[in-house]
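Chemist: I'd like to ask you about the structure that follows.
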Amino acid sequence: MEISSEKQYNQSIGKFKVLSSNAGVGSIITTKSGFFVMPLSVSEWAYIDKVNKQLRNDNTKTPEMIANEAGVDTINDPRFVDFLKREQRVENLKVLVEVIDVALSDYNTFDHEKHLLYKRTKESTGHDLKPEHFIIPAVHFPRWFYSREKKIFKHIDDWIVDWKNISRDKNLYLFAPPRDPYTKRTYKDKDIYDTLVQIPMLLICKQGHISDIPWYELFCAGLDNGGKLNALSVDHGVDLFNYECKKCPNGGRHELQWIENRNSSESWGILKCKKCNEVVSLEGIMNIKPLCPAETPWNGLGSSENKCIDVLGNKGVMQMALATSNSIYYADSFSSLYLPTGYSEDISTMSRDIQEVFKLLSEKWYYKALDKNPELSKEDFCRQTDIADKADDSGFNITDKEVKAIINAFLNQEETAATGDSHEQYRYEEFKVFSNHSESLTDSNSLEFKDVVIDGRLKPYFKKIQQVETLSVTLTQLGFNRVMIPIPIRRDDGIIVYPEGQHIYREPAGDVYALPANRSLGEGLFFELDRNKVRVWVQSLGENAQRYNRPEYELGKSLKQKMDMYGAPEFYLLHTFAHIIIKELEFSCGYPSASLQERLYYSDRMLGVLIYTTDGAEGSMGGLVWQGQSALISNIIKSALQRATDCSSDPLCWENEGQLNLASCFSCSMVSETSCEQRNLGLDRRALVDDTFGYFRDLL
């Protein structure tokens, strides 16, 4: 397709990819025309900026008022907002804004006046939303290009100057995508220009910064080292960005050319000065280690932090990477299962009357009843007692909704001990809702579930299986890193600290009032393994327990740390079970495994998994829950386990002893990485079905 206008250069990205490792703020996206671009900070997104300004000037507005006035949809999940305020220290965060979904035409254009948000805002406020309201801005990155014909090699800013000086049409819209002003030819009275070639090489550091290679300084440094780059690969870093360049022997600055050369010794080619013919080979460029200038181009070109310092207090050192490399971008995303107020209300934040009733219930009423019936459980006491009536007798008037919150806190009070792991605690709050309730509250339309009668043969292995008829998951991005996935740090006091990485917003944390997020509605199946049975199984492993003491590589360090904290055999068991059920559901209910996702509840106090699908996935809603019927789910589990005993890659798969993966491959228990929370790591079929130590071996 011949692109000759800025609008045609638009790139369509799904709304759920915008907050992911595929296309998040600061990532590198390959466009349809083959060029690389970088999405800018959410502070540059028109609709996020608009909401931020509204709340900054008047933070009394409700989410409904904001949505109406700013032309956005907001997401109601106060538990998630409170978590982000603590975790990200954005103490003024008020609202999560739904990422706007935009569909482009066949010509990559977008008629914003046809969008539902435009029409809704026009009708309710009379104001028009501008086209940029719907657009996520991006810039070219890397920013160095060369001409196929002239071999001229320049920064895009210099190419723009050339375009304005040489092209007959000064309109920069026709410069998109970047075009070579030296290649003009005329066809039917229309000027046509070839596109430039973008160099797919850049520099990244472990602190999350990213920079163009300073090609001019690199050329000068190479000349000073005999035309080679070997001297620039020292581990402590070379100050390449501030390198003092000598003048070209023929006067002025060197005029760089990019000369391709596919010889084995010079596969990257060479840099050449057009004026003096001096040459620098790019052999060894992968090993250069320049000091990091702390650039943050996603915050706007030319932006940077004051300095780049690594965790040891040393100056940050960069490394070369290709624009298509996975190491360019590791998104730190976080998702939340919406919990209606009645499940998760913190009594300490409620009114004094409610706190007093909770105190009476937990310290007086229940223990007085125990004197008469020592076998009375908390659940039976709450079921048999009119808490509202007893509260009224004590002089407290509370609503039915407040009674539910009090009872919920009372039933869970032994399990609410503070944990040093904020992420684990957040998941645990969700786990308790499923584990401690046989069915959902009657007024919780956003979360509906009920217990399934477990088959007698399965009962020893599972504490609970539930059909989750309705659920809502909200996802946002906490930040991102480069080079390697950040590893949580356990302090001496037991607190787990999660590295923040680079932020997706530009302003100080105290000025963040809104963040983008995505919400998905769906359904699922919840499985909770019997912890006592699992504990006995782990103890029975004997020497086989060493099987799960695996060395980790870079990608698996975070998972290995978690398994060291909460038990490796338990994780292999839970995670592999989740995967074989996902693969079995692919056969039984027609959902491709890529449309199903796992939500693992794993620590020393929970062991369960929610397998769910959301709107937009292939397959009809209701199909997954239907499979949760008692007879069907029993057959699914048994069939999945039977299928796990055999793999087309056996015996190689069965006998594999890699690092974090053991008896596992894509033929048997690996699934799409969009479905897996742990990048298909920590899997072993033998933990389930091995005839000597498998957890389910007696069931088979």
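The values are calculated or read from the model by the stated rules, or taken from the named source; none is laboratory data. Note that the structure is predicted; figures quoted are calculated from it, not measured. Methodologically, a virtual Cβ is constructed for each residue, glycine included, from the backbone with ideal geometry; neighbour enumeration extends over all protein chains shown. For the accessible areas, the whole protein counts, side chains as well, though only heavy atoms, and no ligand, DNA or RNA atoms are used. Shrake-Rupley method; radii C 1.70, N 1.55, O 1.52, S 1.80 Å.
Chemist: Suppose the chain between LYS364 and GLU655 were pulled fully straight at 0.36 nm per residue; how much longer would it get relative to their current alpha carbon spacing?
Modeler: Values: separation 291, 0.36 × 291 = 104.76 nm, distance 5.85 nm.
98.9 nm is the gain from fully extending LYS364 to GLU655.
Chemist: Continuing with the same structure: May I ask you to give the percent of accessible area on the chain that is carbon plus sulfur, with a probe radius of 1.4 Å?
Modeler: On the way: 15140 of 32600 Å².
That share works out to 46 percent.
Chemist: Give me the aspartates and glutamates in straight-line cross-link reach of LYS463: C-alpha distance below 14 Å, same-chain residues under 8 apart excluded.
Modeler: ASP451, ASP455, GLU528, ASP530
Chemist: Sticking with this structure for a sec: Too long at a 30 Å Cα-Cα cut-off: which of LYS533/LYS583; LYS61/LYS390; LYS432/LYS583; LYS17/LYS228; LYS228/LYS315; LYS32/LYS228?
Modeler: Working: LYS533/LYS583 25 Å; LYS61/LYS390 38 Å; LYS432/LYS583 27 Å; LYS17/LYS228 41 Å; LYS228/LYS315 25 Å; LYS32/LYS228 36 Å.
Checking Cα-Cα distances, LYS61/LYS390; LYS17/LYS228; LYS32/LYS228 exceed 30 Å.
Chemist: Something else now. Can you give me the distance in nm between label points at ILE487 and LYS372, each placed 7 Å from the Cα along the Cα-to-Cβ direction?
Modeler: Those two pseudo-labels are separated by 5.9 nm.
Chemist: Below 8 Å, C-alpha to C-alpha, sequence gap of six or more: please give me the relative contact order for segment 67-108 in percent.
Modeler: Values: 26 pairs, mean separation 17.2, N = 42.
It rounds to 41 percent for segment 67-108.
Chemist: Test of understanding: what is the full-extension gain from ASP698 to ARG185, defined as 0.36 nm times their sequence separation minus their Cα-Cα distance?
Modeler: On the way: separation 513, 0.36 × 513 = 184.68 nm, distance 7.70 nm.
Once the chain is fully extended between ASP698 and ARG185, it gains 177.0 nm.
Chemist: Shifting gears a bit: Hey, quick one: spin label on GLN561, modelled 7 Å out along Cα-Cβ, who in segment 499-540 has an amide N within reach, i.e. under 18 Å?
Modeler: Backbone N within reach: 499-503.
Chemist: Another question, then. Taking 0.36 nm per intervening residue step and subtracting the Cα-Cα distance, what contour gain separates HIS127 from ASN397 on full extension?
Modeler: Gain in length upon complete extension: 92.6 nm.
Chemist: Still on this model: What FRET efficiency do you get for ASP157 and ASN436 if R0 is 45 Å and r is their Cβ-Cβ distance, rounded to the nearest 0.05?
Modeler: Numbers: r = 60 Å, r/R0 = 1.34.
That pair, ASP157 with ASN436, gives E of 0.15.
Chemist: Computed from the coordinates I sent, Rg and Dmax of the Cα atoms in Å equals one of (1) 26.8, 82; (2) 29.6, 103; (3) 28.7, 93. Tell me the label.
Modeler: Only one listed value fits the structure, namely (2).
Chemist: Using a Cα-Cα cut-off of under 18 Å, which aspartates and glutamates could be cross-linked to LYS151, ignoring same-chain neighbours fewer than 8 residues away?
Modeler: In chain and number order, the partners are ASP162, ASP180, ASP194, GLU255, GLU260, GLU266, GLU278.
Chemist: Turning to a different aspect of this structure: How many Å² of accessible area per residue for the chain, probe 1.4 Å? If you can, show how the numbers build up before the last one.
Modeler: Values: 32600 Å² over 700 residues.
Accessible area per residue: 47 Å².
Chemist: Would you calculate a helix-derived [θ] at 222 nm for the chain, using -39,500 (n - 2.57) for each DSSP H run of n ≥ 4 and dividing by the full residue count, to the nearest 500? Numbers along the way, then the final one.
Modeler: Details: 19 runs with 187 residues, N = 700.
Value at 222 nm, helices only: -8000 deg cm²/dmol.
Chemist: Please sort 300-313, 134-147, 630-643 by packing, taking for each peptide the average over its residues of neighbouring beta carbons within 10 angstrom, highest first.
Modeler: 134-147, 630-643, 300-313
Chemist: Between LYS275 and ILE192, what FRET efficiency follows from the Cβ-Cβ distance if R0 is 45 Å, with the result rounded to 0.05?
Modeler: Approximately 0.90, to the nearest 0.05.
Chemist: A further question follows. If you take every residue apart from GLN477 with its C-beta less than 13 Å away from the C-beta of GLN477, what net charge results, scoring Lys and Arg +1 and Asp and Glu -1? Intermediate results must be reported in sequence, preceding the final value.
Modeler: Working: positive: LYS15, LYS17; negative: GLU87, ASP332, GLU500.
Residues near GLN477 contribute -1 overall.
Chemist: Let me ask another. What residues qualify as long-range amide H neighbours of ILE309, i.e. H under 5 Å apart, gap of 5 or more or another chain, H built at 1.01 Å from N?
Modeler: HN-HN under 5 Å from ILE309: GLY316.
Chemist: For a quick protection proxy, order the peptides 188-198, 574-584 by their average other-Cβ count within 10 Å, most packed first. Display every interim value, and only then the final one.
Modeler: Numbers: 188-198: 14.9, 574-584: 25.0.
The densest-packed peptide leads the list: 574-584, 188-198.
Chemist: Over the chain, what is the mean sequence separation of C-alpha contacts under 8 Å (at least six apart), divided by residue count, expressed as relative contact order in percent? Each step should come with its number before you reach the end.
Modeler: Working: 1238 pairs, mean separation 88.2, N = 700.
Worked out over the chain, it gives 13 percent.
Chemist: Toward the positive end of the charge dipole of the chain, about the Cα centre and with charges on Cβ (Lys, Arg +1; Asp, Glu -1), which of SER333, ASN277, VAL37 goes farthest?
Modeler: Positive-end residue among those listed: ASN277.
Chemist: While we're here: Round to the nearest 10 and give me the degree value, 0 to 90, for the angle of helix 116-125's Cα axis relative to the longest principal axis of the chain.
Modeler: 80 degrees
Chemist: Roughly how many debye, to the nearest 20, is the charge dipole of segment 239-323 about its Cα centre, given +1 on each Lys and Arg Cβ, -1 on each Asp and Glu Cβ, and no other charges? Before the final figure, lay out the partial values.
Modeler: Details: 10 positive and 10 negative charges, 59 e Å.
Using Cβ point charges on Lys, Arg, Asp and Glu, segment 239-323 gives about 280 debye.
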